[in-house]
Amino acid sequence: MTERRHDLYLLTPGPLTVSTEVKQEMLADRSPNAEPHRALTGELRRYLLELCNGQADYACVPIQGSATYAIEAALHTLVPREGKLLVIQNGFYGLRLREIAEGIRMNMVALELPMLPLPTGADIEEVLRRDPAITHLILCHVDSGTGVRNPIEEIAEAAKRRGVKMLVDAVASFGAFPIDVVALDLEAVITSPNKCLESVPGIGIVIAKKSSLEAAAGRSPSVVLDLSAQWKFFEERNNQWRFTPPTHVMGALDKAVERHKREGGAAPRMERYRRNWRRLVDGMRQRGFVTLLPDDAAAPIIATFLDPKDPAYDFQKFYAAMARRGFIIFPGRLTAAGTFRIGVMGDLVESDFTLVLGAIDDSLAEIGVTDVTATPRAETVGRAA
């Protein structure tokens, strides 16, 4: 019999089920201005730069709040008022990027695309060629609303050829997927601790070119979302935070990074997620479920399934039945067909998904669902956004 490792399994895009080690670290009180906390902040900033090969020319700037705060801070700080931003929107979090840019009244244009086929470098280069006023572009690397993984490598090449600076929302990929900011010549990468780094929410993280942060001094109309000022304060005050930091969150991230190192870094973590995802997807398909995405377009951090066509199926009833068994799942985002999502990130291993599949069987039986087949993928894919 498979051992249950957690009382509650958060099978979500984040926050995640985190390890007992990480949770226990939040029990310790810390003085934000004392040397131990400054040293902890400095070490975390260095390690996060190492994960994306940014040690030489980039700076890691954590900021209080969620990743959405960090994205808004990056746009406020790094895109000049006379610049023009292209937002690539092919999923829920592409829409979020657009909402942020429109909300802060940027000079921007959105490229609305279907979920599939994925945008190519040639597609983006043609858009940039037609609008030479565009100076910056931003897109989501992995959209956890559906599981789509955008090809940032070839899009970065296209942006570089047109002299356009590229920012990447890597919230759902950083710490597991390979990202080399130097090779891609990225302007910035934005992430947070509560996905592939397997910590808790509470800060956003921006890794940006030092030269761009320097040039952005005084640009942001916000005090608290000014990344240039935040960076300079860290540098001048030996990693002291500019405003009250989330000390317990930083302690948790420090422990999570220790676990990340023990696991061997990003590549081994990605392999664990891939095993989790494979066990889940294979098990669901054996039961008759249909995935929203073909495997070659899916990022193995979350799987999206089409709702069963059985008239007895109701997501809220399914959710409640799973929750009673200690498993939290999520509804789909911006999909033409009804969908639900099951995440595989966090302190989860392949054997946990034997329990997940068993809970799904029991929950469906409880609500009277016997047919889990759905509309074929070809009729639903491609209309996600």
Given charges at beta-carbon only (K, R positive; D, E negative), |dipole| of the chain in Debye
360
At 222 nm, what helix-only mean residue ellipticity would the chain give, in deg cm²/dmol to the nearest 500, using -39500 (n - 2.57) for each DSSP H run of four or more?
-12000 deg cm²/dmol
Would you mind computing, in nm to one decimal, how far apart the modelled labels at Ala267 and Ala215 are, each placed 7 Å from Cα along Cα→Cβ?
3.4
In whole Hz, the Karplus estimates of ³J(HN,Hα) for region 53-63 (6.51, -1.76, 1.60; θ = phi - 60°; x where Gly or Pro) are 6, x, 4, 7, 10, 10, 10, 9, 10, x, 9
Mean separation of Cα contacts under 8 Å, 6 or more apart, over the residue count of region 228-351: relative contact order %
22
Phi-derived 3J(HN,Hα) across region 319-330 with the Karplus relation (6.51, -1.76, 1.60, θ = phi - 60°), rounded Hz, x for Gly and Pro, is 4, 5, 5, 5, 4, 4, 8, x, 10, 9, 10, 10
Given the C-alpha centroids of region 283-312 and region 209-224, what is the distance between them in whole angstrom?
43
Any chance you could check the Cα centroid distance between region 55-69 and region 239-281 for me, in angstrom?
15
Given H placed 1.01 Å from N in the peptide plane, which residues other than close sequence neighbours of Leu292 have an amide H under 5 Å from its amide H?
Thr304, Phe305, Leu306
Filter the trypsin sites (Lys or Arg not before Pro) in region 305-355 down to the DSSP loop ones having no more than 12 other Cβ atoms within 10 Å, then list what survives.
none
Sort out for me the Cα centre separation of region 85-116 from region 174-208, rounded to whole Å.
19
I'd like to compare 181-190, 358-367, 43-52: which one has the highest average count of other Cβ atoms within 10 Å, and what's the full order after that?
181-190, 43-52, 358-367
Can you find, among Thr17, Gln64, Ile342, the residue farthest towards the positive end of the dipole of the chain? Put +1 on the C-beta of Lys and Arg, -1 on that of Asp and Glu.
Gln64
Only Lys, Arg, Asp and Glu count, each charged at its Cβ (+1, +1, -1, -1), so figure out the dipole size of region 225-268 about its Cα centre, rounded to 20 debye.
120
In whole Å, largest first, the alpha carbons of region 20-262 cover along the principal axes 54, 37, 31
For the chain: relative contact order, % (alpha-carbon pairs under 8 angstrom, 6 or more apart):
25
What size of dipole, in debye to the nearest 20, comes out for region 169-313 about its Cα centre when the only charges are +1 on Lys and Arg C-beta atoms and -1 on Asp and Glu C-beta atoms?
460
Tally of Lys pairs whose C-alpha atoms are under 17 Å apart, taken over region 20-262, 8 or more apart or cross-chain
11
Points 7 angstrom from Cα along the Cβ direction at Asn53 and Glu258: gap in nanometres?
3.0
Using a 10 Å cut-off on Cβ atoms, rank the peptides 77-87, 20-30, 230-240 from the highest mean neighbour count down.
77-87, 230-240, 20-30
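Just so you know, all these numbers are worked out from the coordinates, no wet-lab data involved. Keep in mind the model is a prediction, meaning the values are calculated, not measured. Note: ideal-geometry Cβ built from the backbone for every residue, glycine included; neighbour counts use all protein chains shown.
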